[in-house]
Structure formats: C-alpha cells, structure tokens
Amino acid sequence: METTPNQALRPQGALVERCPSCAGRVFVDDLTCLRCGAELVFDPDAGRFSGASPYCIWRLDRRCNWAGQAATTGACAACAGLWVTDAAAGRPDLTATYAAAVRRTLRRLGEAYGIDPERAAPPLRFELDLSHDGHPVTIGHANGVVTLDVAEADTVQLEIQRRTLGEPYRTPVGHVRHESGHWVWAAMVEPDTGEQERFRALFGDERVDYAAALAAHYDRPDDGWWRSSFVSHYAAAHPWEDFAESVAHVLHLDDVLHTAAVGGLLDPSLTTPEAAFDDRYRCWTDLTIELNEMARAMGGDDLYPFAPPPPAVDKMRLADDALRRLGSRS
Ligand SMILES: [Zn+2]
Ligand SMILES: [Zn+2]
Ligand SMILES: [Zn+2]
C-alpha cells in the first residue's frame, strides 16, 4: 500500500503545501518535490506552488523557490526588496538562509494579515550584510530598512552570540520577525497619535532615551526581575524592544499554528487571525508545551523556551491587532 507523509495525521481543510504535479506534501522552502521530482515554484500571489510560474532569478544563488516578476527584471517579490552587500554576496550559503527567513516572514505577513509591505509607509526592505574583522554589523531597523548580519546563519557564530547575550532563543527567522516588528511600529504606531496612546498605555513611554535605556539594560544583571511583565529579557530594555518582541512572538505563534494546520495537526479555523487571539493563544500554549516535550524526547532544546506572563500576552494581543489593522490598510 502506498504511504504518504501525512498518513498518520488527519488533514483538515485546504492543504496549500502541495506539489502541483503529484499533489504530494511539500515544504515551504522546497525547490523540488521529493515524491515525484517536479520543480517547485511558489506563487505568492496565488498562495500556492505552481507548475507554470517563471523562476526567480535568485533561484540558484539564494535557493529561492518563489516566482520571478517581470516588473522587477525577474526577481521575486521577496528578493526584489533584498539588498545584499558584496561581503554577504561572497557567502551565498549564509545569505540563502536569511533570504529564506525573509520569504517565510513576508509570506505570513501577507497570507495571515493581508499586509503588503510595498504599500506601507515606509515600505519594508532588508539589507543583508556580513560582519567580519573590522566590519561589525549592527542588526537593526531604520526608516523601513532592516539590516541583518548573515554571519549568524553560521550555527557556531549564532551560538556564540546567543550565549554571550544570554538568550534562550536566537535564530535568523527570529531576527527577521523582531526587526519587522520595529517596522510595524514605524508604519502603524508612529504616524498616529491615537495608536501612540494605545501603545503607551501597555508598553510605556518610548520617548525615554533609547541609548541610555539599552546601556542600563546591558549593565543590569539578569536576575529574572522581568519575568512577571515581559516575554523576554530583551523586551524589558525599552518599549520599542518590547513591541518588536511582541510582534516577533505573534509571528512565531502564527507560523507554527499555520504549519500545524497544514500538516493536519490542528483545525485550520482555529489558527488564522480571523479566529480570536485568545483562542489562538490557548491553542499555541497547548501545542508548544507538547512540542517542547517532543524536542526533549530527541535530546534537543525546547522549541519555544518562553513562558509569557499575562501582561506580556496583553502586549502580544495588541501586537496582533496592530498587524491586522496594518493589513486592512494595505
Ligand atoms: Zn510531486
Ligand atoms: Zn527570489
Ligand atoms: Zn530590536
């Protein structure tokens, strides 16, 4: 009897990650179908893999599986907004990891929240740079441009940074989601006094000196004081960081719930932003407890090494709402 990867699960609803040739299960970053060998091209406008779309011109260099667009001389919608420095271009293996993290994030912003980062003010762009001797790269966001250090696609470098900064979780896709959170603040909260008031009521006043707050954060030993109010230690550094972390965690939640639904593990109606945030959050809590234990069953680290306290969940709810409303403006 023929078996399929999902045979033990119970797929419910539309399964979007399907090969256009054989309808077998494929995965977000796949270039070819493991079942039938067909070339896979993801069409972000249609939200599915298509057999007919042209390749992005960065298919080989960045292992990009999105469809190319004529308007951007053959680059896909994600690669067209990606600037790669010469140093980063010299390490296509590292750059490809970050390009995939950007595609994954843009895809969920679009599919879950209806956000078109091109139509926002400022539009969202990514600069991929590579830190090396004499050229440190500062990861951050300014005026819609997110700067990322592809050196952290190297797992040794990533682990050194993670341990140095005492973080339980640090990944390329985590960086993309966090920095995109700063962009959401710039596009949604900053231009609107009503939004600013809502933000300050929960996150505090962001007009306090950012550099001084960050210096104080790094000076203070982590004795766990933040655990009753913040999702992570870094979130406690400044209201901007708290918001960016809240957006990042909402995007973690969204992608993991979506992935679970695609794989037949969850009812899809519970996992999209049309469902109430509190219902999705309950689902997420139950799921991550079991996923953490599964990771431990393999001797690995927890998939989601966080236990957000109620005030942090309130902030995630506001971040989710900001994402939705940003999407409704697109
Ligand atoms: Zn196939
Ligand atoms: Zn591309
Ligand atoms: Zn930040």
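Tabulated data
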item: Pairs where the first residue, in the range 41-67, is without any contact (Cβ under 8 Å) to a residue 24 or more places away in the chain and part of a strand (DSSP E or B) and the second is crowded, with 17+ Cβ neighbours inside 10 Å and not hydroxyl-bearing (Ser, Thr, Tyr), C-beta under 7 Å, 6+ apart; result: TYR55/VAL41; TYR55/GLY68
item: Checklist (1) of a type outside the set (Lys, Arg); (2) surrounded by fewer than 19 Cβ atoms within 10 Å (Cβ to Cβ); (3) under 16 Å from the mean Cα position of the chain (by Cα) applied to GLY299, failing item; result: (3)
item: Single residue of VAL102, VAL41, VAL84 found to be closer than 18 Å to LEU251 by Cβ, within 13 Å of ligand 2 (Cβ to nearest atom) and crowded, with 21+ Cβ neighbours inside 10 Å; result: VAL102
item: Condition met for PRO168 (of a type outside the set (A, V, I, L, M, F, W, C), surrounded by fewer than 16 Cβ atoms within 10 Å (Cβ to Cβ) and under 21 Å from the mean Cα position of the chain (by Cα)); result: yes
item: Helices (runs of 4 or more DSSP H) contained entirely in the range 189-271, each with at least 1 residues that are assigned by TED's automatic domain parsing to the domain that holds ALA112, within 14 Å of ligand 3 (Cβ to nearest atom) and under 17 Å from the mean Cα position of the chain (by Cα); result: 239-262
item: From VAL173, VAL146, VAL184, VAL156, residue being in a helix (DSSP H, G or I) and within 14 Å of ligand 3 (Cβ to nearest atom); result: VAL184
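The values are calculated or read from the model by the stated rules, or taken from the named source; none is laboratory data. Computed from a predicted structure; not experimentally measured. Please note: Cβ atoms are built from the backbone with ideal geometry, for glycine as well, and neighbour counts cover all protein chains shown.
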